[in-house]
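Structure record follows, encoded as structure tokens.
Laboratory data are not the source of any read-out in this text; all were calculated from the coordinates shown. All values reported here derive from a predicted model rather than from experimental measurement. Note: ideal-geometry Cβ built from the backbone for every residue, glycine included; neighbour counts use all protein chains shown.
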Amino acid sequence: MTGTETTATTIAGTKRWPRRYTMVALCFGAVFVCYIDRVNISVAALAMQEEFGWSETDKGLVMSSFFIGYMLFMAPAGWIANRIGGRIVLGLAVLWWSIMTIFTPAAVFLSLPILILARIAMGLGEAAMFPSAYSIFSRWVPPSERSRAVALLLSGIPLGTLFALTTSGWIVSTYGWPSVFYIFGALGFVWTALWFFQAHDDPADDPRISHDERALLEEFAVPEGEKPPIPWRKIFSSKAVWALLINHFCSKWVFYMLLAWLPSYFRGQLGLSITSAGLYSAAPWMTMFIVGNLSGWIADGMVKRGLSLTAVRKIMQTIGLVGSAIFMLLASGVDTAGIAVLYMCGALGMAAFTWSGFVPNHLDIAPRYADVLMGITNTAGTVPGIIGVMITGWLVDTTGTFAAAFMLGAAINIVGAIVWLLFATGERVID
């Protein structure tokens, strides 16, 4: 993750690992923990449903209740991170949702309403993840490294999802379903201890940073000190902000649709076994991880060669949305598993190009308020996790196939691409 500067500073003949790399790596670790804690219940719920006699409606309430807290606290979390700094907010957030993860088995035995409240509380904690990380990135990541840093941050999503899906079943079958919550929750405690030992909001406060790296970061970083009022009117009157908000919604539609329905697609429409459906579903997420990080290197390389941030963001976002739409349309007419998994890899792989499009754009257009902006736009980006998943289920029930759902996802992608090309910018619009 380098720009024109060197990747390490030579001190007394030895190379010092840049502190900003450590900060980015720790934030990646938080996203990984975030998603293993979020996804593990999708596997554990199968055993919990059998033991407690839940209906499908009960299970659906448990699974979806997380998003209530997640959506409610997203924008406030961005404001709080902007006011007091991402270090304390992210550290307390991971600690909180880890406590709620460990509390989950107790909540299950107490009552279903208590479990739902615990899931809502867990969502409140995880809502602070990305706004807090953006608060950190606004001070620790130079513009020439933003695409790679953000791509690495987001790659914790598919990796965490894959890890949870591939290990939760074994843990549940070997040690019982409560153990998955205890083990994954404990990882959050380990991360929290490491975070508070290593992390700083301001590079100037970090005793481990080199003089050269501190000087590099001071050239662009959002200054500490007195906090000016949040310019709400300017934020909500900006075309670039609305393009970002709309694209967060559009970019997440296919993501959440496939996150929820991909195993059902391989199992129900293509007739694979449960085991095979799980394996086939894993391949697109690994593709997303690889392509997402590759896209970050490509985007930062474009910036290094002199291409404007506006051009880079528009190119990457358009490739991601239009490319994903093409693969979704191709998949709508497929009836063989081998071709289907290739198209799903293409859909999520191309979608990962948006990690270098709209995702780092918060830091481009409003670096001082990137945390606030992420809280706002990620609220819109969470809506497809609720309505998109529901509409997909309705379309599958109505039509008997996933074709209509895939076509709708493609259409939403195209709308997002058009809005982005017309109104997005990589220039700072909010000081």
Can you give the relative contact order of the chain as a percent, counting alpha carbon pairs under 8 Å and 6+ residues apart?
-> 23 percent
Given the Cα-Cα distance of Asp431 and Trp297 and 0.36 nm per residue of separation, how much length would full extension add, in nm?
-> 45.5 nm
On full extension of the chain, what length is gained from Trp17 through Arg305, given 0.36 nm per residue of separation minus the C-alpha to C-alpha distance?
-> 101.2 nm
Per-bin percent of Cα-Cα distances, the range 24-117 [5 Å] | 3, 11, 21, 24, 17, 12, 8, 4, 1, 0
List the extent of the Cα atoms of the range 231-431 along each of their three principal axes, largest first, rounded to whole Å.
-> 54, 35, 25
At R0 = 45 Å, FRET efficiency that the Cβ-Cβ distance of Leu46 and Ile84 yields, to 0.05 = 0.65
Burial ordering of Thr425, Thr287, Thr399, fewest other beta-carbon atoms within 10 Å first | Thr399, Thr425, Thr287
In degrees, nearest 10, the alpha-carbon axis of helix 389-399 is tilted away from the dominant principal axis of the alpha carbons of the chain by 40 degrees
Backbone HN-Hα couplings from phi across the range 128-139 [Karplus 6.51/-1.76/1.60, Hz, Gly and Pro as x] | 7, 4, 6, x, 5, 4, 5, 4, 5, 4, 4, 10
Cα-centred dipole magnitude for the chain, charges only on beta-carbon of K, R (+1) and D, E (-1), debye, nearest 20 = 600 debye
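Compute the Rg/Rh shape ratio of the range 332-401: radius of gyration over Kirkwood radius, all on alpha-carbon atoms. Mind dumping the intermediate values first?
On the way: Rg = 16.8 Å, Rh = 14.9 Å.
Reported Rg/Rh, Kirkwood definition of Rh: 1.13.
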Label zone at Leu421 (point 7 Å along Cα-to-Cβ), backbone N below 15 Å, the range 303-321 = 311-321
Each residue of the range 420-426 in order: what ³J(HN,Hα) in whole Hz does its phi give by Karplus 6.51 cos²θ - 1.76 cosθ + 1.60, θ = phi - 60°, with x for Gly and Pro?
-> 5, 5, 7, 10, 6, 8, x
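Based on the Cβ-Cβ distance from Asp205 to Val383, what FRET efficiency comes out when R0 is 30 Å, to the nearest 0.05?
0.20
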Degrees between helix 274-304 axis and first principal axis of the chain (Cα, 0 to 90, nearest 10) | 20 degrees
Given springs between every Cα pair under 10 Å in a Gaussian network model of the chain, which of Pro105, Pro207, Pro158 has the largest fluctuation?
-> Pro207
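How would you rank Ser332, Ser155, Ser179, going from fewest to most other Cβ atoms within 10 Å of each one's own Cβ?
Details: Ser332 18, Ser155 22, Ser179 15.
Least crowded to most crowded, the residues run Ser179, Ser332, Ser155.
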Nitroxide proxy distance, nm - points 7 Å out along Cα→Cβ at Met63 and Phe196 = 3.6 nm
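Taking neighbour Cβ counts within 10 Å as the exposure measure, how do Phe181, Phe67 sort from fewest upward? Present the calculation step by step, with values, prior to reporting the outcome.
On the way: Phe181 25, Phe67 20.
Going from sparsest to densest Cβ surroundings: Phe67, Phe181.
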What residues have an amide H closer than 5 Å to that of Gly85, excluding those fewer than 5 places away on the same chain, when H is modeled at 1.01 Å from N in the peptide plane?
-> none
Relative to the longest principal axis of the chain, what angle (0 to 90°, nearest 10) does the C-alpha long axis of helix 56-84 take?
-> 10 degrees
Between the range 267-340 and the range 137-203, the alpha-carbon center distance in angstrom | 22 Å
Could I get the Rg over Rh figure for the chain? Both from C-alpha atoms, Rh via Kirkwood, rounded to two places.
-> 0.96
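Counting alpha carbon pairs within less than 8 Å and at least 6 residues apart, what relative contact order, in whole percent, applies to the range 231-431?
Values: 295 pairs, mean separation 78.9, N = 201.
About 39 percent, as a whole number.
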Order by protection proxy (mean Cβ within 10 Å, highest first), peptides 23-34, 386-397, 39-50 = 23-34, 39-50, 386-397
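Multiply the residue separation of Trp170 and Leu92 by 0.36 nm, subtract the distance between their alpha-carbon atoms, and state the gained length in nm to one decimal. Walk me through the intermediate numbers first.
Working: separation 78, 0.36 × 78 = 28.08 nm, distance 2.99 nm.
Full-extension gain reported as 25.1 nm.
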